[in-house]
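Have a look at the structure below, then the notes.
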Amino acid sequence: MHCPKCQASDTKVIDSRHFDLGSAVRRRRRCEVCQYRFTTYEQIEMELPTIVKNDGRREIFEREKIMNGLLKSCQKRPISVAELNNIVDRIELLLAQSGQKEIKSEDIGKMVMEELKKLDPVAYVRFASFYWNFDDVESFVSGLTHNYIKKVLNPEDFASNPEKQNNTESLN
Ligand SMILES: [Zn+2]
């Protein structure tokens, strides 16, 4: 690393810090010739497996695709974009560390669901519903009643219709 001031090649790292679970490194450096201090940011380029779609087509791994699915599932939920970024970071890191050359898109979907399960049950069920069709979700989310899933997938139907509750009360 050359000094940006005097162009000397004799620079020394005086501090290193990792960001985003290790995918970026910030380094404080000092030029040994003119003592000038500067900072560099290094992004580690990870080798990620190729995605194999259900129909057999191959695609390169794209963060944006996972992020879009997450954003869609987390709409109106109390979840920050930073939290979602962390999820994508963790998945990316796991995939890079796995050393696999290829991975099924289905397996990535499962990884996302594991993360959402810990984060938010509503986003979790929504993601599952985008991922599979609704019938599959019902059998998949065992222990949840049909009504609960409907409420979770279509919160507006319930929120905008308080009369429904009154009706059931009058039935009792
Ligand atoms: Zn210098």
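For the range 44-86, give me the residue count where each residue is of a type in the set (A, V, I, L, M), out of contact with any strand residue (DSSP E or B) (no Cβ under 8 Å at 6 or more places or on another chain) and surrounded by 11 or more Cβ atoms within 10 Å (Cβ to Cβ).
Looking only at the range 44-86, we keep the residues that are of a type in the set (A, V, I, L, M), and these are 44, 46, 48, 51-52, 60, 66-67, 70-71, 79, 81-82, 84.
Subsequent filtering for residues that are out of contact with any strand residue (DSSP E or B) (no Cβ under 8 Å at 6 or more places or on another chain) retains 46, 48, 66-67, 70-71, 79, 81-82, 84.
Going one step further and asking which of them are surrounded by 11 or more Cβ atoms within 10 Å (Cβ to Cβ), we end up with 46, 48, 66-67, 70-71, 79, 81, 84.
Selection size over the range 44-86: 9.
Across the range 33-54, what is the number of residues that are within 16 Å of the ligand (Cβ to nearest atom), part of a strand (DSSP E or B) and not polar (S, T, N, Q)?
2
List every residue pair whose Cβ atoms sit under 7 Å apart, with the two residues 6 or more apart in sequence or on different chains, where the first one lies in the range 29-40 and is among the aromatic types (Phe, Trp, Tyr) and the second, anywhere, is surrounded by 13 or more Cβ atoms within 10 Å (Cβ to Cβ) and part of a strand (DSSP E or B).
From the range 29-40, the pairs are 38/29.
Within the set of pairs 6+ apart or on separate chains, which have a first residue in the range 52-72 that is free of Cβ contacts under 8 Å to residues at least 40 places away in the same chain, a second that is part of a loop (DSSP other than H, G, I, E, B), and C-beta atoms under 6 Å apart?
Taking only residues 6 or more apart or on different chains, the pairs are 61/48.
Among the residues in the range 7-18, are any within 16 Å of the ligand (Cβ to nearest atom), out of contact with any Lys or Arg (no Cβ under 8 Å at 6 or more places or on another chain) and among the acidic types (Asp, Glu)?
The answer is yes; a qualifying residue exists.
For residue 102, which of the numbered conditions (1) without any contact (Cβ under 8 Å) to a residue 40 or more places away in the chain; (2) closer than 16 Å to residue 52 by Cα fails to hold?
All conditions are met except number (1).
Residues are listed down the side, and each one gets a yes or a no for (1) touching a Ser or Thr at 6+ places or on another chain (Cβ under 6 Å); (2) within 19 Å of residue 116 (Cβ to Cβ); (3) in a loop (DSSP other than H, G, I, E, B); (4) not assigned by TED's automatic domain parsing to the domain that holds residue 124:
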position: 56; (1), (2), (3), (4): no, no, yes, no
position: 67; (1), (2), (3), (4): no, yes, no, no
position: 76; (1), (2), (3), (4): no, yes, yes, no
position: 82; (1), (2), (3), (4): no, yes, no, no
position: 87; (1), (2), (3), (4): no, yes, no, no
position: 90; (1), (2), (3), (4): no, yes, no, no
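Scan the range 7-43 residue by residue and report those that are surrounded by 13 or more Cβ atoms within 10 Å (Cβ to Cβ), among the polar types (S, T, N, Q) and modelled with pLDDT under 90.
23, 40 - these are the residues of the range 7-43 that are surrounded by 13 or more Cβ atoms within 10 Å (Cβ to Cβ), among the polar types (S, T, N, Q) and modelled with pLDDT under 90.
The values are calculated or read from the model by the stated rules, or taken from the named source; none is laboratory data. Since the structure is predicted, the reported quantities are computational estimates derived from the model, not experimental observations. In this analysis, Cβ positions are derived from the backbone assuming ideal geometry, glycine residues included, and neighbour counts consider all displayed protein chains.
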